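Chemist: Pasting a structure here, questions to come.
The values are calculated or read from the model by the stated rules, or taken from the named source; none is laboratory data. As the structure is a prediction and not an experimental result, all values here were calculated from the model. Note: ideal-geometry Cβ built from the backbone for every residue, glycine included; neighbour counts use all protein chains shown.
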Amino acid sequence: MRIYLDYNATSPPAPEVVEIVSRLMATEFGNASSVHAFGQRAKAVLDDARGQIAALIDADPSEIVLTSGGTEADNLAIRGATAALEGTPRRKIVTTGIEHEAVLNTIKALERRGWSATTLTLPETGVLTTDAFRAALDRDTAVVSVMHANNEVGTIQPVAQLASLAREQGALFHTDAVQSVGKIPVSVKQLGVDALSLSGHKFGGPKGTGALWIRRGVRLVSTMTGGRQERNRRAGTENVPLLAGLGVAAQLAAAHLANTARRVSALRDRLEERILATVDGTAVNGDRSARVPNTTNISFDGLEAESLLIALDLEGVAISTGSACSSGSLEPSHVLRAMGLPSSRARNSLRFSLGAATTETEIEFVAGILPGLVTKLRRLSRTAAALR
Amino acid sequence: MRVVVAMSGGVDSSVAASLLAQAGHEVIGLSMQLYDQRESADAFGSCCSLDDLYDARRVASAIGIPHYIVNFEERFQASVVRNFVSEYASGRTPIPCVHCNADLKFATLVERADAFDAAGVATGHYARVVFDEPAGRYRLLRSVDRDKDQTYFLFSLTQAQLSRAMFPVGHLTKHEVRAHARACGLAVAAKPDSHEICFVPDGDAAGFVERHLDSRPREAEVVDTRGRVLGTHRGVHGLTIGQRKGLGLSAGVPLYVLRLDPDAAQVVVGPREELEQVRLTASSVNWIAGVPPDEPRRVTARIRHRHADAPATVTPETGDRAQVQFDTPQVAITPGQAVVFYDADEVIGGGWID
């Protein structure tokens with residue numbers, strides 16, 4: 001038996017998604033930019049998908065730029081918006097230390113090109129305080145990028161409040177909503193942001209698909225030069241079958257979101273409570289209320305997360321720590337460090353992320369084997385430390 | 001049986017994993033990330049680089065075994081790199097590979113094996129381990145391929161470690177190992193062996209030591225055995241006993257480094273015949289049997305990896321020390337290197353040269 005509890009890394013595609021992607025691979029090979037019938041059909045497929053995505057986030061289809069994924073959407077938003085503001089007095093970017101590397105490393109790259117950046121740390125709750133955010137803003141701030149939900153601990157930032165503060169200072173507000181779209185209701189209107197990134201494979205869509213929603217009127221310089229696809233904002237022939245799959249995933253998410261969230265959060269809470277009750281020295285990282293329904297991040301005192309992760313995999317249970325370096329080995333979580341947790345805790349924490357297909361039996365199995373594994377690994381790690 | 005195998009991405013450990021899987025064991029591949037790969041993906045050349053981790057992953061996939069990369073950066077820094085720097089700075093010539101193989105790789109592999117309920121711990125070392133029933137203990141033997149034998153790096157293994165150890169390529173020649181890799185279609189079949197110290201791929205140990213010391217090492221005087229100053233050198237840390245090149249001297253006869261004295265900041269040089277010595281003292285001696293011999297023992301002793309072991313008598317002393325008396329003088333006995341004692345093919349023990 002294999003149990004998959006790593007939905008924040010990626011999620012299995014829904015059967016409807018697999019069906020449309022494979023069908024359109026065979027039937028709709030046209031180039032969406034072509035004038036002829038093949039092109040028109042492909043274009044119609046893309047427009048359908050655009051509409052489905054827009055509906056999921058309460059947006060207008062004309063404001064959706066289809067991309068190859070969340071990372072590209074983040075790059076396009078941050079690089080594109082800053083490039084459009086080159087030559088103005090606004091030279092600063094404000095972000096947080098818990099962002100995905102797609103945001104953090106993009107901003108680092110801009111810093112090397114003369115932009116200044118303020119990277120905010122967070123309290124242990126993993127939720128940014130409006131006071132800290134307000135203090136970082138000024139009239140030099142060009143772009144703000146604060147994620148909606150965090151991939152490792154699942155905490156949700158008060159994006160609507162933050163975006164309104166940014167607007168007062170005339171700064172553009174981008175939010176990486178890769179981990180919230182499809183898990184909780186997301187409305188770009190209610191959030192009041194200027195740009196929002198999403199990724200298909202995090203909610204049952206295909207990998208290699210994503211979108212940037214960009215408010216009409218916001219200037220953006222395309223990061224990819226080439227053809228005039230996506231209203232001149234993203235060059236390159238669109239991947240019609242995969243993007244159709246993204247559209248279907250968005251439609252399914254919109255239809256089932258409330259039910260799935262209710263069911264998954266009950267399972268997540270059950271797993272969390274079982275672990276906290278049966279394993280000593282455990283604690284949940286980050287705020288437990290302002291959180292997406294499927295995620296829990298738990299620290300295990302006196303244990304290397306790496307060993308527990310491998311031991312669980314050998315038992316058929318797939319989880320993660322959220323952070324992997326280029327080689328694939330694990331490193332202390334930058335998210336937990338940015339929340340002010342000591343590096344020991346950033347090393348002994350594991351992320352369990354559930355999804356639509358997670359069952360009660362699976363949760364019972366995982367909760368059942370964890371205490372024994374943890375006890376054994378702790379004993380071994382104490383012995384090893386004593387020998388050293 | 002469940003077996004954990006350390007996979008470096010080289011042909012030897014790849015074939016070790018393949019042989020174990022073919023023998024029906026449940027094999028778990030582990031590769032160790034020993035240093036930070038983020039900043040400079042190609043900074044390190046020989047072992048454990050991203051390319052090697054890639055190779056290990058491809059081999060594990062071809063064999064059909066699970067494979068994990070474990071992060072040992074901190075331990076590698078603490079147990080191998082720090083020791084390497086401090087040894088060089090104190091005028092000794094360390095062999096980090098022994099610390100890495102025994103203190104780090106073997107010890108941590110056994111730990112992980114316990115964590116994953118694996119009875120066996122395998123590596124791609126050229127060595128053999130056999131259980132001696134009458135004596136009730138394990139023996140460590142040289143590999144069948146005498147040219148490739150790596151027991152010099154394994155002298156510090158304990159009976160507890162040997163009881164778990166498996167060296168599947170120890171019974172094969174290098175030629176046979178490569179042939180097996182080819183026959184199994186492993187992509188690493190023709191991969192060259194690694195030689196240099198993996199974290200000093202440019203071979204500039206002195207530069208590495210300087211970059212990792214808190215303060216710049218003192219410049220050293222180069223003197224002859226009568227104390228006459230012949231020149232200066234960047235420090236004792238960049239030199240090793242028996243070295244001739246790089247001293248910046250021009251004398252009538254070739255001069256070799258005889259001794260390094262970090263306290264006096266002196267490099268003592270002399271002609272080749274003065275490099276010869278018949279005695280050495282070893283410390284932190286490990287006896288494979290678990291206990292020292294009761295009386296002086298005739299052995300052959302090896303003082304470098306590439307040294308033909310020479311007949312000697314080893315006398316155990318208290319405090320894990322031993323005296324080694326060679327039958328004939330040996331060239332360039334070097335503090336910091338290991339001395340390993342053999343009885344024919346069997347490793348009796350070994351220690352560090354004082």
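Chemist: How many residues, within segment B:97-118, are over 14 Å from the mean Cα position of the chain (by Cα), part of a helix (DSSP H, G or I) and in contact (Cβ under 8 Å) with a residue 12 or more places away in the chain?
Modeler: Residues meeting the conditions: 6.
Chemist: So in segment B:56-68, with the set limited to residues that are buried (at least 23 other Cβ atoms within 10 Å of the Cβ) and either over 12 Å from B:Ala21 (Cα atoms) or in contact (Cβ under 8 Å) with a residue 60 or more places away in the chain (or both), which one is nearest to the other protein chains (Cβ to nearest Cβ)?
Modeler: This residue is B:Tyr68.
Chemist: Of all residues in segment A:191-215, count the ones that are among the charged types (D, E, K, R) and either without any contact (Cβ under 8 Å) to a residue 12 or more places away in the chain or surrounded by 24 or more Cβ atoms within 10 Å (Cβ to Cβ) (or both).
Modeler: 2
Chemist: Which numbered condition in (1) surrounded by fewer than 23 Cβ atoms within 10 Å (Cβ to Cβ); (2) in contact (Cβ under 8 Å) with a residue 60 or more places away in the chain; (3) more than 16 Å from the chain's Cα centre (by Cα) is the only one that B:Val121 fails?
Modeler: Only one criterion in (1) surrounded by fewer than 23 Cβ atoms within 10 Å (Cβ to Cβ); (2) in contact (Cβ under 8 Å) with a residue 60 or more places away in the chain; (3) more than 16 Å from the chain's Cα centre (by Cα) is unmet by B:Val121, namely (1).
Chemist: From the list A:Ala254, A:Ala277, A:Ala290, A:Ala261, exactly one residue is out of contact with any Asp or Glu (no Cβ under 9 Å at 6 or more places or on another chain), free of Cβ contacts under 8 Å to residues at least 12 places away in the same chain and away from every other protein chain (no Cβ under 14 Å). Which is it?
Modeler: A:Ala277
Chemist: Given the options B:Val257, B:Val285, B:Val339, B:Val253, name the one that is at pLDDT below 95, assigned to a strand (DSSP E or B) and β-branched (Val, Ile, Thr).
Modeler: B:Val257
Chemist: Shifting gears a bit: Could you identify the single residue in A:Ala266, A:Ala261, A:Ala283, A:Ala338 that is more than 22 Å from A:Gln157 (Cβ to Cβ) and either under 21 Å from the mean Cα position of the chain (by Cα) or of a type in the set (A, V, I, L, M, F, W, C) (or both)?
Modeler: Exactly one residue qualifies, and that residue is A:Ala266.
Chemist: Assess whether B:Asp193 counts as being surrounded by fewer than 21 Cβ atoms within 10 Å (Cβ to Cβ) and among the acidic types (Asp, Glu).
Modeler: Criteria met by B:Asp193.
Chemist: Now a separate question. Could you count how many residues in segment B:7-64 are at pLDDT below 90 and among the charged types (D, E, K, R)?
Modeler: Residues flagged as at pLDDT below 90 and among the charged types (D, E, K, R) within segment B:7-64 amount to 6.
Chemist: So, in segment B:221-235, how many residues would count as being touching a helix residue (DSSP H, G or I) at 6+ places or on another chain (Cβ under 8 Å) and within 24 Å of B:Gln277 (Cα to Cα)?
Modeler: 1
Chemist: Please determine whether any residue of segment A:198-211 is assigned to a helix (DSSP H, G or I), out of contact with any helix residue (DSSP H, G or I) (no Cβ under 7 Å at 6 or more places or on another chain) and outside the structural domain of A:Ala166 (by TED's automatic domain parsing).
Modeler: Scanning segment A:198-211, I find no residue that is assigned to a helix (DSSP H, G or I), out of contact with any helix residue (DSSP H, G or I) (no Cβ under 7 Å at 6 or more places or on another chain) and outside the structural domain of A:Ala166 (by TED's automatic domain parsing), so the answer is no.
Chemist: Hey, another quick one. Kindly provide the set of residues from segment A:177-197 that are under 20 Å from A:Leu243 (Cβ atoms) and touching a helix residue (DSSP H, G or I) at 6+ places or on another chain (Cβ under 7 Å), ordered by number.
Modeler: Across segment A:177-197, the qualifying residues are A:Val178, A:Val181, A:Gly182, A:Ala195, A:Leu196, A:Ser197.
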